[in-house]
Amino acid sequence: MNKSHVSYDVFECPLGKLYLVFSGKFLSGIAFRKPSGIPFKKGSAPENFVKELTSYFQGSVSDFSQKIELLAGTDFEKKVWTALKDIPFGETRTYKWVAEKTGSPAATRAVGRALSKNPVPIVVPCHRVIESDGAIGGYSSGVDKKRRLLDMEYYAKMNRQRP
């Protein structure tokens, strides 16, 4: 990774500040805390992505067009993160469902570990994964944030379906 091309921008959302990390034109991270360890420079997120994020938090956009570059992750983690894109906005799936999607049906704990390392939460919707018994499960940025994201998506989806 060429560190001179890595930058971040700050996006204010209902959950607080989001730090958007870009590698060139590609989104490579979203964090609820300022990234540390790599000397990121302050930059500007692409205007189209900022508009999509704003619309997402307003409940009117359910998908993102921003290109992503995963700078880290094992092959299995990347399979897990790719599977998440198949979970529709406003819906949930289980850790077992994700494990089956990756071709490793017994790897539910490994799925949980991979989800905790998701570098681009919200855009790659790890918050949509819950436990088989309906319990909310964990979330690397806190269960309260996960619950708020799920509630926001659920109600946005219900509002869209009204006649």
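The values are calculated or read from the model by the stated rules, or taken from the named source; none is laboratory data. This structure is a prediction, so every number in the text was calculated from the model and none was measured. Glycine also receives a Cβ, built like all others from the backbone with ideal geometry; neighbour counts cover every protein chain displayed.
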### Task
Could you list, in sequence order, all residues of segment 32-83 that are more than 26 Å from His5 (Cβ to Cβ) and touching a Pro at 6+ places or on another chain (Cβ under 7 Å)?
Phe57
### Query
Any idea which residue in segment 28-70 is surrounded by the fewest Cβ atoms within 10 Å (Cβ to Cβ), counting only those that are hydroxyl-bearing (Ser, Thr, Tyr) and modelled with pLDDT of 90 or more?
Ser65
### Task
Scan (1) over 24 Å from Val21 (Cα atoms); (2) assigned by TED's automatic domain parsing to the domain that holds Arg33 for the single condition Ser104 breaks and write down its number.
(2)
## Note on the structure
In segment 65-123, anything of a type in the set (Asp, Glu) and without any contact (Cβ under 8 Å) to a residue 12 or more places away in the chain is listed as Asp75, Glu100
### Message
Criterion first (assigned to a loop (DSSP other than H, G, I, E, B), within 23 Å of Lys17 (Cβ to Cβ) and modelled with pLDDT under 95) does Ser141 satisfy it?
### Response
yes
### Message
Suppose the filter is out of contact with any helix residue (DSSP H, G or I) (no Cβ under 6 Å at 6 or more places or on another chain), surrounded by 12 or more Cβ atoms within 10 Å (Cβ to Cβ) and either of a type outside the set (S, T, N, Q) or at pLDDT 95 or above (or both); does Lys17 pass it?
### Response
yes
### Message
One residue is enough: does segment 45-67 have a residue meeting the conditions over 19 Å from Arg128 (Cα atoms), assigned to a loop (DSSP other than H, G, I, E, B) and of a type in the set (Val, Ile, Thr)?
### Response
no
### Failed item, numbered, when Gly90 is tested on (1) within 13 Å of the chain's Cα centre (by Cα); (2) at positive phi
(1)
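Please specify each residue of segment 14-64 satisfying the condition of being of a type in the set (Gly, Ala, Ser) and farther than 18 Å from Glu153 by Cα.
Residues of segment 14-64 of a type in the set (Gly, Ala, Ser): 16, 23-24, 28-29, 31, 36-37, 43-45, 55, 59-60, 62.
Selection gives Ser23, Gly24, Ser28, Gly29, Ala31, Ser36, Gly37, Gly43, Ser44, Ala45.
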### Summary
Subset of segment 69-85, residues in a helix (DSSP H, G or I) and under 14 Å from Val123 (Cβ atoms), comes to Trp81, Thr82, Leu84
